[in-house]
Amino acid sequence: MSGVRGAVRALGALALLASFTGAALAQAPELPAAPAGAPQDSGALRVQVQGTLTDAQKNDPALEAATKSVAALLRCPVCQGVSIQDSPSELAQQMRTVVKEQLASGKSPDEVKAYFISKYGEWILLEPQAHGFNIVIYALPAFLILAGGAFLVFIVKKWTSAAPAAVSAARTSDDD
Amino acid sequence: MNFRRAWIAAAAAAPVLGLFAWGLTRDPNDIPSPLPGRQAPAFALPVFAPGQGALARPIGDTIRLADLKGKVVVLNFWASWCLACRDEHAALSQVAQSYEGQPVQFLGVLYNDVPIKGTSWIMEMGGQSYPSVDDPGARVAIDYGLYGVPETFFLDANGRVAFKNTGPVTSGTVRMKVDSLIAAAQATAPASPASSAAADSAAKSGGAK
């Protein structure tokens, strides 16, 4: 019996650890960094941007969709784990305008991404690119699932072979 | 048997705990910039705060980075709503004044703010010796990979980003960077063959003695 209890305890501990990991990795959305956040209440005083977009481009649904898909990949620098598509902060809106203008000027989504990487580093991508050390992020979950499966098979085999003996031992001790 | 299990559990948890411990030593707000070592993004921005004395530029004038070639440039992004900018303002203004007549251009860039507020902030802070320019839409800020203010970029005489300072700068840091960049610019100036020959002969005569 102690084997089963031990295994249950071990699984419980693993689950607890996993939940901690999840909590640590899930970043609180939209906590403005103290020195970085621009004031949100300056709408009336906001500087008018002399954009290069024409009215037709501003209302172009295809361009808007393309902007959204690129902006969703880029991290808002003044937020916590939020894309510039999801952030209402002033800098994120300005960056979205830059994305839109560059797409309108004929740049491909990859070229726009490359522009922001050249300015902010790969940090600006919400999803790390799968090369170098970053491969660990993509490979580790698969490895852990396989290892967990193997562990389960091992432990269940152990239980099923050990259980009858343990039960009969428990019975004899109950009889005493 | 239970000790063995405990050891296995500890060995399995150790890497995870190690990762967490390493994560705690890192400042998530400290983002490494890819810009230092690269050519500085070009800009042409309008002056809204003129500066004082010999460093002054007229309001409405446009300052282009390309026109500053041969000068060390200290580019300070700031805003009137930025509290940390108050800490560095006096130091920057004084240091800029002390470099008057030297090949250095100090330049403030207003970030996500309106020039009128910037001007009244400068008055409230007792003036600013060097000019400040406006950056509508934060285009130049984004070009410089800015994620907050204050951030200060030190550009060498060839227009390359030499160093980036995040947060308020101290006069010591500014002097150290600017001095070394001026020295580097003078060492690589066109007159260098003659001066290096003079240095060689000086070394030889020194060695002969």
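Rule-based calculations on the coordinates, nothing more; no lab input. As the structure is a prediction and not an experimental result, all values here were calculated from the model. With ideal geometry, Cβ positions are generated from the backbone for all residues, glycine too; neighbour counts draw on all protein chains shown.
Please report the spacing between the Cα centers of region A:81-146 and region B:72-89 in Å, no decimals. Going from one Cα centre to the other spans 28 Å.
Peptides A:101-111, B:104-114, B:138-148 ranked from most to least packed by the mean count of surrounding Cβ atoms within 10 Å: B:104-114, B:138-148, A:101-111. For chain B, the antiparallel share of DSSP beta bridges with both residues in that region comes to about 60%.
Each 5 Å bin from 0 upward holds the following percent of the Cα-Cα pairs of region B:2-66: 3, 12, 9, 9, 8, 8, 9, 6, 6, 6, 6, 4, 4, 4, 3, 1.
A P(r) calculated from all alpha carbon pairs of region B:128-186, with 10 Å bins opening at zero, reads 18, 48, 31, 2 percent. Computed from the C-beta positions of A:E111 and A:F133, the FRET efficiency with R₀ = 41 Å rounds to 0.95. Within 10 Å of the Cβ of each residue in A:61-74, the mean number of Cβ atoms contributed by other protein chains is 0. Taken about its Cα centre, chain B carries a charge dipole of roughly 760 debye when the Cβ of each Lys and Arg holds +1 and the Cβ of each Asp and Glu holds -1.
Using C-alpha pairs below 8 Å separated by at least 6 residues, the relative contact order for region B:22-118 is 27 percent. The convex hull around the C-alpha trace of region B:44-187, projected and averaged over every direction, spans 7.4 square nanometres.
Taken over the Cα atoms of region A:51-127, the convex hull encloses 86 Å³ per residue.
Legend: mean number of C-beta atoms from other chains within 10 angstrom of residue C-beta atoms, peptide B:143-150, equals 6.
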